[in-house]
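Structure record follows, encoded as structure tokens.
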Amino acid sequence: MNKAIRMENLLNDLPKSKRKLDTRIKVSDLNKSYARIYGRHYYDGNREQGYGGYYYDGRWKPVAKRIIKQFKVLKGESICEIGCAKGFLLYDLVSEIDEVKCFGIDASLYALRESIKDKKILYINCNATSIPLKTNSIEHTISINSLHNFLSKKETMIAISEIERITKKNSYIRIAAYKNNAQKEIIDKWATGGRCYLHVDEWLELFQEAGYTGYYDWWHPDNSIKL
């Protein structure tokens with residue numbers, strides 16, 4: 001287990017999206033309600049409701065390689081992704097290293113039904129506030145741009161505590177955050193699913209309160225999004 005929380009960007013090698021982020025300048029309440037079901041509308045509906053089509057294109061391969069190198073993942077170890085969606089990163093992880101066992105946790109039945117299937121990946125439909133895995137049973141846990149989808153700070157803190165509980169070696173959380181009012185304004189108007197967006201200092205306090213000791217990183221609003 002990591003002894004101290006550390007900032008680390010493990011997504012440096014993720015290819016930049018070619019989609020125009022300013023196609024949904026302001027999200028309507030109706031589209032937000034569709035998105036927050038986290039079903040077909042969110043993943044494969046129109047751009048104003050979420051991804052606008054979420055499909056496998058291999059973009060997570062360099063991230064999988066980076067995680068394996070950073071965490072020094074060994075054959076026979078386990079990896080759990082919280083908020084795995086359709087399992088694209090997990091698929092690239094099991095393709096990169098032999099004899100690894102992966103667990104994909106997601107609250108969306110639609111995403112898991114549409115996920116990439118592999119005998120080395122076990123998908124579990126549940127909420128991250130109550131993960132049905134034993135304490136210290138997973139060597140490496142990751143959660144990328146997922147935990148800010150909770151309704152409250154309390155729920156998010158419980159989920160972070162759960163990640164800490166199940167993880168034996170390394171964990172990595174990437175979460176949406178803002179550093180100033182301009183970034184917060186973009187998030188408030190642009191975001192579809194997420195609801196628990198906090199200032200970076202608030203997240204650090206929450207990490208401490210949850211007893212988190214792993215790696216972390218921020219997703220900040222893209223400066224190309226014009227209000």
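The values are calculated or read from the model by the stated rules, or taken from the named source; none is laboratory data. Keep in mind it's a predicted model, so treat the numbers as computed, not measured. Using ideal geometry, Cβ is built from the backbone for each residue, glycine included, and neighbour counts are taken over all protein chains shown. The protein model used for the area step is the full one, side chains on, heavy atoms only, and it has no ligands, DNA or RNA in it. Shrake-Rupley method; radii C 1.70, N 1.55, O 1.52, S 1.80 Å.
Structure data summary
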{"quantity": "Under-5 Å amide H pairs with F103, H placed in peptide plane, nonlocal only", "calculated": "I79, C80, E81, L122"}
{"quantity": "W219 long-range amide H proximity, modeled H, under 5 Å", "calculated": "I175, A176, A177"}
{"quantity": "Karplus 3J(HN,Hα) series, Hz, for region 74-80 with 6.51 cos²θ - 1.76 cosθ + 1.60 (x for Gly, Pro)", "calculated": "9, 4, x, 7, 10, 10, 10"}
{"quantity": "Label point distance in nm, S161-Y54, each placed 7 Å from Cα along Cα→Cβ", "calculated": "2.7 nm"}
{"quantity": "Loop chymotrypsin sites (Phe, Trp or Tyr not before Pro), region 91-140 (other Cβ atoms within 10 Å of the site Cβ: 12 or fewer; DSSP)", "calculated": "none"}
{"quantity": "Projected area, mean over directions - region 59-172, Cα convex hull, nm²", "calculated": "6.4 nm²"}
{"quantity": "Heavy-atom accessible area per residue - region 60-123, 1.4 Å, Å²", "calculated": "45 Å²"}
{"quantity": "Accessible surface ranking that places the most exposed of R113, R59 first, with a 1.4 angstrom probe", "calculated": "R113, R59"}
{"quantity": "L198 long-range amide H proximity, modeled H, under 5 Å", "calculated": "Y178"}
{"quantity": "Solvent exposure ordering (accessible area, 1.4 Å, most first) of M7, M157", "calculated": "M7, M157"}
{"quantity": "Residue pairs, from the table K119/K169; K101/K184; K61/K168; K16/K117; K69/K179; K153/K179, whose Cα atoms sit over 28 Å apart", "calculated": "K101/K184; K69/K179"}
